[in-house]
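A.B. asks: Supplied in C-alpha cells, the structure appears directly below.
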Amino acid sequence: MTVPRVHRICIGMVFCILHGFWDEGEHLSAQDRKIDSLLHRADSLRNTDTREAFRLAAQAYEEAQDRKLLHDLAEAELILGACYIQLGSYAEALEHLLRAGDHFSKHNEEDARQRVSKQLGDLYWADGKFEEALAHFQEVYSYGLRKNDSALILDGLISQGRCYGNMNQADTALTLFGKAHNLAVQSGDSTRALVTFFYIGDVFLYSGRAGEALEMFHELEKSLDSPYLSRQNAASLYQSMTDAYLRLGRGDSAAFFASKTAEALVGSREYNRLANLHQALFRIDTLRRNFRSAVEEHLLYQSYRDSALQSDHRKNLANLDIYRELTRSRAEVEELSLENQIKDMQIRQRKILNGTALVVILLLGALVVISVRTSDKIRSQIRQLEVRKVQLEEANGLITLQSKQLQEKNKDLENLIEELRTTQQHLVQSEKMSSLGTLLSGVSHEINNPLNFISGGKMILLESEAAPDAHPREVLVKREMAYQMIDKGLERATEIVKALMTLTDIGSEKKEMTDIEAMINGVLLILTRKENRDVQIERDYKARNRIPAYPQKLQQALINVLENAMQATLEDHPHPRRILVHTKESRNHLIVEISNTGFPVPEANLDRIFDPFFTTKDPNQGKGLGLAIAYAHVDEHYGSIRARNLPDGVQISIELPLRDLD
C-alpha cells in the first residue's frame, strides 16, 4: 500500500462520515418542522376538537422528548394542560401546566410563561377557586402593562372582574369592568367593548341595582345587529333584561323580553338557558296570578333542568371516555416510542462498532506509513546533525577568538568611559564655577552702589567739619543730606545682604520647605545688576511660597534658566528686553514659567536644548551644560522642564510637586 492510496482512503472515509452527518442534519430539520406543525394544529383545535388536539399534542410531546427539544416539550405540555381543562381533569391539567411554567421561567421565556399563567387562571376559575384564579389573572394584567399590550391588559381586567363578581365584591368588579370598557373603546376593540358593557350591567343587576342595569341593557340592545354579537349574546341580554324587570315587579315588560329570549333560543339545545327561561316565565305568571300557566311553566322548567343535568352527565361521560381513550393511546404511543428508541440505539451501536473498526484499521495503516516515513526522516536528520556538529565546532573556535578580542575592546571602552566621566565632572564643576562667577560679578556690582552712597555721605561730613566759618544752617543741611545718603546706602546694602543670605543659605542636601519666590527674587536681583543689564522684569506670583526642595539644586537650576533667558534678551532683537516670571498651581504641582523676548529656538532644536553639550553659541561663550544641569536638578525633584516658542520669544516651564514624593 502506497502513501497516496492511504490518503485517498482516508479522504473517502471522511467524506462518507460528513455525508452521513449532513443527511442526519437534514432529517433533524424536517423533524423540527413536523413538531412545529403538530403543535400549531393542536393549539388551533383545542377549543373545538379536544380529542384531535390532545392526540396531536401528545405526538408532538413524544417526538420533542426523543429529540430533547425542551422548548417544544414545554409547548406541548401547555396544550395538553389546556385540553385537560376542557375534559374537566383539573389535576392532570395542573401537573402539565406547572411543568411548562417551570421550563419557561428557567429559560426567561416571559411571553410563554404568561400564557401558562392565563391557563392556570382558567383552570382555577373552572374549578371554582376564584381567589387562586385572581392571582394568575393579576399577573397577566401586570405583564400586559409592562409590555403595553392592550389585548393582555383587557384579558387581565375582564378576568379579574369576573373573579370579583363571583366573590360578591361588586364595587371592585364594576371598577375593573369600567376600566376594561374604556380601554376597549380607545383601542377600537368592539367585541370586548360590548362584552364589558354587558358585564357592567350584569353586576348592577345582581347587586340590587336593577334600574341602572336596565339602562345599560337597553343601550346594549341597540348593538344587537352588530356582527360582534352572536345569537347566544342576544339570548343572554334578553334573559338579563327579563330578570331585571322581574326584580322591579314589572311583569308586562318582563313577559315581553321573555318572548324575545324564546325567539333567540328557537332550535337551541342549551337546556340550562331554556330552563332559566321557563323559570322566568313561571315567576311572570305567578306575578300576574296566572297560576295554571305558572304550573305548566314550572313543569317545563323542571323538564329542561333534568335535560340539562342529563346533558352535563353525558358530556362528562363522553369526556371521561375521551380521557381514557387518549390515555390508552398515549400509553401505546409511549410503548411504541420506547421500542423505536431501542431499535435506534441498536442500529447506532452497530454503526458505531463498524465505524470504530474501520477507523482502527485506517489508523493502523496510517501508523505503519508514518513509522516508515519517520525512520527515513530520522536518518536524514542524523546526517544533518553530524554536519552541523562539525560546523558548530568551527564556529565555536571562531567565537572564542572573537570573545578574546571583545574582552580587550571592553577594557578599552571602560577606560574611555572613565575618562569621559572624569571630563564630564570637570565640565559640570566648571559650569558651577561659571554660575558662581556670575553671582560674584553681580554681587560686586551691586555692593558698589550702596558703598558709593556711604562714601559720598562721608565726604560731605568731612567737608562740613573742615569749614568752621560756614553758616550753621548750611552746615546742618549738608549733614542732613550726608546722613540720608549714608542711610540709603546702608538700607540698600541690607537688602542685598538679605538677598545673598537667601541665595547662600542652601542648607543641607536634604529636602526642606523652600521659599520659591524669595529664591527667584534673590537670583533676579543679582543677575539683573550684572554688567548693568537693562532688562525689564515682570513678576506674577499666584502660587504658594514654600515647597519641599533641595535648596542648592533648585537654586542652581533657577540660576541657569534665568541666566540663559538674560543672555537671550541681550541679542539684537526688535522687541524690548523683557523677562516675565509667572508662578501658578495645577493638579498638585507648582509651575514656574520664565518667558523672555528674543529670537525663537529653531523647532528642530527645541527637543535638544536640554541635552548635555548642546549649544548654538561660540565655543568660548558656553559649554552647553547650563540647561542640562537644570534638567537634571528638576528631575531629582520628580518634576519636569520643557521649552516652547512664543510669538516674541521663548518660554521655559518648570513643574515641581507641591508635596514630598520621596
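The values are calculated or read from the model by the stated rules, or taken from the named source; none is laboratory data. Quick caveat: nothing in here was measured; it's all calculated off a predicted structure. A quick note on method: Cβ atoms are made from the backbone with ideal geometry, for glycine too, and the neighbour counts reach across all protein chains shown. Surface areas here come from the heavy atoms of the whole protein model, side chains and all, with no ligands, DNA or RNA. Shrake-Rupley method; radii C 1.70, N 1.55, O 1.52, S 1.80 Å.
A.B. asks: Please state which of the following conditions residue 111 fails to meet, knowing it meets all the rest: (1) open to solvent by 20 Å² or more (accessible area, probe 1.4 Å); (2) part of a helix (DSSP H, G or I); (3) under 14 Å from residue 90 (Cβ atoms).
C.D. replies: Status for residue 111: all satisfied but (3).
A.B. asks: A further question follows. Between a residue in the range 369-389 that is touching a residue at least 60 places away in the same chain (Cβ under 8 Å) and any residue that is in a helix (DSSP H, G or I), which pairs come within a Cβ distance under 7 Å, given they are 6 or more apart or on different chains?
C.D. replies: Going by the 7 Å Cβ cut-off, the qualifying pairs are 369/3; 369/6.
A.B. asks: If you go through the range 564-571 one residue at a time, do you hit one that is modelled with pLDDT of 85 or more and under 17 Å from residue 656 (Cα atoms)?
C.D. replies: No, the conditions are met nowhere in the range 564-571.
Conditions (1) surrounded by 13 or more Cβ atoms within 10 Å (Cβ to Cβ); (2) at pLDDT 80 or above; (3) farther than 30 Å from residue 58 by Cβ; (4) touching a Leu at 6+ places or on another chain (Cβ under 9 Å), marked per residue:
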site	(1), (2), (3), (4)
245	yes, yes, yes, yes
261	yes, yes, yes, yes
307	yes, no, yes, yes
310	no, no, yes, no
319	yes, no, no, yes
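A.B. asks: Which one of the conditions (1) without any contact (Cβ under 8 Å) to a residue 40 or more places away in the chain; (2) open to solvent by 20 Å² or more (accessible area, probe 1.4 Å) does residue 80 fail to meet, given that it meets all the rest?
C.D. replies: Unmet for residue 80, out of (1) without any contact (Cβ under 8 Å) to a residue 40 or more places away in the chain; (2) open to solvent by 20 Å² or more (accessible area, probe 1.4 Å): (2).
A.B. asks: List the residue pairs whose Cβ atoms are under 8 Å apart, where the first residue sits in the range 585-613 and is open to solvent by 70 Å² or more (accessible area, probe 1.4 Å), the second is among the small types (Gly, Ala, Ser) and in a loop (DSSP other than H, G, I, E, B), and the two are 6 or more positions apart or on different chains.
C.D. replies: Here the result reads 585/543; 612/624; 613/624, each pair linking the range 585-613 to a residue that is among the small types (Gly, Ala, Ser) and in a loop (DSSP other than H, G, I, E, B).
A.B. asks: Here is a follow-up. Which of the residues that make up the range 53-67 are open to solvent by 50 Å² or more (accessible area, probe 1.4 Å) and not polar (S, T, N, Q)?
C.D. replies: Within the range 53-67, 55, 66, 67 meet the criteria.
A.B. asks: Given the criteria in a helix (DSSP H, G or I), crowded, with 19+ Cβ neighbours inside 10 Å and at pLDDT below 85, does residue 220 qualify?
C.D. replies: It is true that residue 220 is in a helix (DSSP H, G or I), crowded, with 19+ Cβ neighbours inside 10 Å and at pLDDT below 85.
A.B. asks: Taking the options 413, 392, name whichever one is under 25 Å from residue 628 (Cα atoms) and either assigned to a helix (DSSP H, G or I) or at pLDDT 80 or above (or both).
C.D. replies: 413 is the lone residue from the list that is under 25 Å from residue 628 (Cα atoms) and either assigned to a helix (DSSP H, G or I) or at pLDDT 80 or above (or both).
A.B. asks: Does residue 413 fit the bill of being within 60 Å of the chain's Cα centre (by Cα), free of Cβ contacts under 8 Å to residues at least 24 places away in the same chain and open to solvent by 100 Å² or more (accessible area, probe 1.4 Å)?
C.D. replies: So residue 413 does not fit the description; no.
A.B. asks: Sticking with this one: Regarding the range 155-178, can at least one residue be identified that is closer than 27 Å to residue 73 by Cβ and over 32 Å from the mean Cα position of the chain (by Cα)?
C.D. replies: yes
Matching residues to (1) under 22 Å from residue 243 (Cα atoms); (2) open to solvent by less than 20 Å² (accessible area, probe 1.4 Å):
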| residue | (1), (2) |
| --- | --- |
| 140 | no, yes |
| 149 | no, no |
| 169 | yes, no |
| 182 | no, no |
| 194 | yes, no |
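A.B. asks: For the range 87-108, indicate whether the set of residues that are outside any helix (DSSP H, G or I), open to solvent by less than 50 Å² (accessible area, probe 1.4 Å) and within 25 Å of residue 53 (Cα to Cα) is non-empty.
C.D. replies: Within the range 87-108 (the criterion being outside any helix (DSSP H, G or I), open to solvent by less than 50 Å² (accessible area, probe 1.4 Å) and within 25 Å of residue 53 (Cα to Cα)), the answer is yes, since at least one residue qualifies.
A.B. asks: Mind checking which residues of the range 486-526 are assigned to a loop (DSSP other than H, G, I, E, B) and at pLDDT 85 or above?
C.D. replies: Across the range 486-526, the qualifying residue is only 511.
A.B. asks: Could you list, in sequence order, all residues of the range 629-655 that are in a helix (DSSP H, G or I) and not charged (D, E, K, R)?
C.D. replies: 629, 630, 631, 632, 633, 634
A.B. asks: Tell me which of these residue 205 doesn't satisfy, since it passes every other one: (1) farther than 30 Å from residue 110 by Cβ; (2) surrounded by fewer than 16 Cβ atoms within 10 Å (Cβ to Cβ); (3) not small (Gly, Ala, Ser).
C.D. replies: (2)
A.B. asks: Same structure again: Only one of 152, 134 is at pLDDT 90 or above and either within 48 Å of the chain's Cα centre (by Cα) or over 30 Å from residue 266 (Cβ atoms) (or both). Can you tell me which?
C.D. replies: Testing whether each residue is at pLDDT 90 or above and either within 48 Å of the chain's Cα centre (by Cα) or over 30 Å from residue 266 (Cβ atoms) (or both) leaves just 134.
A.B. asks: Testing residue 543 on (1) open to solvent by less than 20 Å² (accessible area, probe 1.4 Å); (2) at pLDDT 90 or above, one condition comes back false. Which one is that?
C.D. replies: All conditions pass for residue 543, except number (2).
A.B. asks: Tally up the residues in the range 36-52 that are within 16 Å of residue 119 (Cα to Cα), open to solvent by 30 Å² or more (accessible area, probe 1.4 Å) and either in contact with a Cys (Cβ under 6 Å, 6 or more places away or on another chain) or not in a loop (DSSP other than H, G, I, E, B) (or both), please.
C.D. replies: 4
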